[in-house]
Every structure is written in structure tokens, then in C-alpha cells.
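The values are calculated or read from the model by the stated rules, or taken from the named source; none is laboratory data. Bear in mind that the values here come from a model prediction, so they are computed numbers and not experimental data. Note that we place each Cβ from the backbone using ideal geometry, even for glycine, and neighbour counts take in every protein chain shown.
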Amino acid sequence: MRSAGIHHITAIAGDPQANLDFYTETLGLRFVKRTVNFDDPGSYHFYFGDNIGSPGTIITFFPWPGARRGTRGSGQVTSVSFAIPRNSIAFWKERLRANHVVAEEISDRFGNKALRFLDPDGLMLELMESPVIPNEGRMGHTVRGFAAPTLEVRHLERTERLLIEILGFEFLGEENNRRRLRGSGSNTAAEVDLVSADIGFGLVAVGSVHHIAFRVVNDEEQLRVRERLVERGLNVTPVIDRQYFHSIYFREPNGILFEVATDGPGFLIDESADQLGESLKLPPIYESARSEIERVLPAIQLQHAAAS
Ligand code: ZN
């Protein structure tokens, strides 16, 4: 069994409108789903990604208005990285500047140029040029899904072993204490970077990553992964129906919350591709409470379709 790579990354935001504006207007992602946190239906769950929310492109947020800010530290995904085509750094520097986002060009990583900046809640993001993306073309400089996000951990070899032995990742290379692993997928979202961090544990709250999800093709494969996690003595949840995919969750040995999610059924299960994100979608169990839920959720406005 080999996971194709990252399915989605979920982080915590503060103000929902600022979060929505940043990821659609500034980063140019599609607002793929407007729903609620299934474990707390009085708060939103936003999904952003490519046009149909393909696995490997989806960043999701729980907006918690007024909640405290988190801190970066070990046992966390400390930076969320997205792939951009080669020769896109100048375009993105200008676009971020025009949107009042301070970005710095960081030193080349595995030979590729990268920009680093913060989202409105302090979540660290990177845009990384990727040699596997065809130059520009029809999609211009747009973001094309994840590219090797950074996982900072105390005991690197424990997380590495789990990714290799259970999720089927392979070791690709090491540079500046950064070890890159790769799943079986051919897109940029197949990769993660592990960095050994001799620092305190991070606090998961506003502006930090809540969990990272890895892909499995179907329910059978998910059950096989689950069995192997249990055999290792890891405390893993039963399969949970997340409407758009099925999930299991566990803490990897360094404390990062990992999820393993199925590719299907996907985001077109309850609305058509041209209407994604336009209205509040609820799973059947909450449909009867819709008016109550709509009353407590803060009003939000989707400005216009994501620009490139
Ligand atoms: Zn998730």
C-alpha cells in the first residue's frame, strides 16, 4: 500500500471573512465548500482548492472568531507550502505586495525558489516553484496544490518510519537537516519535508495547522492502513463519515494529528461544479437544525469567483 500523498491540510482561522477573502482573492483558490464543523455545527468549516477540490489541493479552515492565537513549535505542520510554476516568483511577489502581504524570498530549497509569508492569522505559507509543473500555459501562475509542507518534530526518525512503513512514502533526499519524503502520486502534493526541531511543542489555535490528511484510494485500503496502525499500538479512531470523504485520525509518535482520508466521494456529491461554495451545505444529520445553525453562523460574503 502506498499513499499518493497529501489529501488536505486543516488549519484554524480567526475571522471567517478575512480568511475567505485571503484564500480566494489573494491566493486565487476556489471556495470549494461552505459547511460547518461536523463536531461543532455552530462554527464554519471552509474548504479551498482547485476547481473541483481535487485531493492534494485542499486547504480547509475552522474559523474561530475571537479565539487565541496558537504558537509554532514541534509536533506541528509549521509551514503549508503550495506549488507554483517556474518563473512565477516575480508575479507572486507583486501580487502579494499589491494585497499588502509582506513576503520574503527564502533560500532555494532542493534547488527551487520559494516565497514565504503569513496569512491574516499568522499561519506560515510558502509558494514554491516546482519543476514538474509545465511552464505557465493556460493556468498562468496559479497555485497548483501542495508542495512539501514542513513537519517539525522532536524525534524525526519516528515520524519518518511511520510514513515509510505504514503509508508507503519513500526517502528522496536531505538538505540542511530537512528530509524529503515522497508518496506514490505524480503531483507536487506527494511530498512532505521533515525537520528535526529541538524546540517546545506548538500550541494549536488560531493561525496554526490542526491536522494533515493523507490519501488512500478507497475504503478497503483505509481499513488496511487502520489495521496496521492498530498493530503498532497507535490509538486510531474508527472510520468517520466526513460527507466528502471517509476519515480515520491518530496522533503520530511526535504528536502531530494525522488523518487518512479516502479520495471519494468528493465535493460534487451535494452541489454542481459551477456552484461550489455558493451556499451552506450541511450533512443530513444537521439538515433539520438548518435555520438554527444559519442564525448562529457569522454572515459572510463571497466577493467574486477566484481570479488567477
Ligand atoms: Zn481533515
(message) Looking only at region 105-131, count every residue that is of a type outside the set (S, T, N, Q) and in a strand (DSSP E or B) and tell me the total.
(response) 16
(message) Restricting to region 6-52, count the residues that are under 14 Å from the mean Cα position of the chain (by Cα), of a type in the set (A, V, I, L, M) and assigned to a strand (DSSP E or B).
(response) 6
(request) Tell me, yes or no, whether region 235-245 has at least one residue that is at pLDDT 95 or above, among the acidic types (Asp, Glu) and over 21 Å from Pro149 (Cα atoms). (result) yes
(request) Tell me, yes or no, whether region 97-104 has at least one residue that is in a strand (DSSP E or B) and either over 25 Å from Pro16 (Cα atoms) or touching a residue at least 40 places away in the same chain (Cβ under 8 Å) (or both). (result) yes
(message) Quick check on Ala83: is it in a helix (DSSP H, G or I) and either out of contact with any helix residue (DSSP H, G or I) (no Cβ under 8 Å at 6 or more places or on another chain) or buried (at least 22 other Cβ atoms within 10 Å of the Cβ) (or both)?
(response) no
(request) Please list, ordered by first then second residue, the pairs with beta carbon atoms under 9 Å, 6 or more apart or interchain, first in region 257-280 and at positive phi, second among the hydroxyl-bearing types (Ser, Thr, Tyr). (result) Gly266/Ser54; Gly266/Tyr244; Gly277/Thr24; Gly277/Tyr47
(message) Return the residues of region 46-103 that are touching a Pro at 6+ places or on another chain (Cβ under 6 Å) and within 16 Å of the ligand (Cβ to nearest atom); say none if nothing qualifies.
(response) Pro63, Val77, Val80
(request) Pick out, from region 190-307, the helices (runs of 4 or more DSSP H) lying fully within it that include 3 or more residues that are more than 16 Å from the ligand (Cβ to nearest atom) and under 30 Å from Ile164 (Cβ atoms). (result) 219-231
(message) Of everything in region 220-246, what is under 21 Å from the mean Cα position of the chain (by Cα) and exposed (fewer than 14 other Cβ atoms within 10 Å of the Cβ)? Give them in sequence order.
(response) Thr237, Asp241
(request) Scan region 37-65 for residues that are surrounded by fewer than 24 Cβ atoms within 10 Å (Cβ to Cβ) and among the aliphatic types (A, V, I, L, M) and jot them down. (result) Ile52
(request) Determine the pairs where a residue that is modelled with pLDDT under 95, located within region 55-66, has a partner that is within 13 Å of the ligand (Cβ to nearest atom) and outside any strand (DSSP E or B) with Cβ atoms under 6 Å apart, the partner being 6 or more residues away or on another chain. (result) none
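Just checking, how many residues over region 1-36 are within 15 Å of Ile300 (Cβ to Cβ) and within 15 Å of the ligand (Cβ to nearest atom)?
So the answer is 5.
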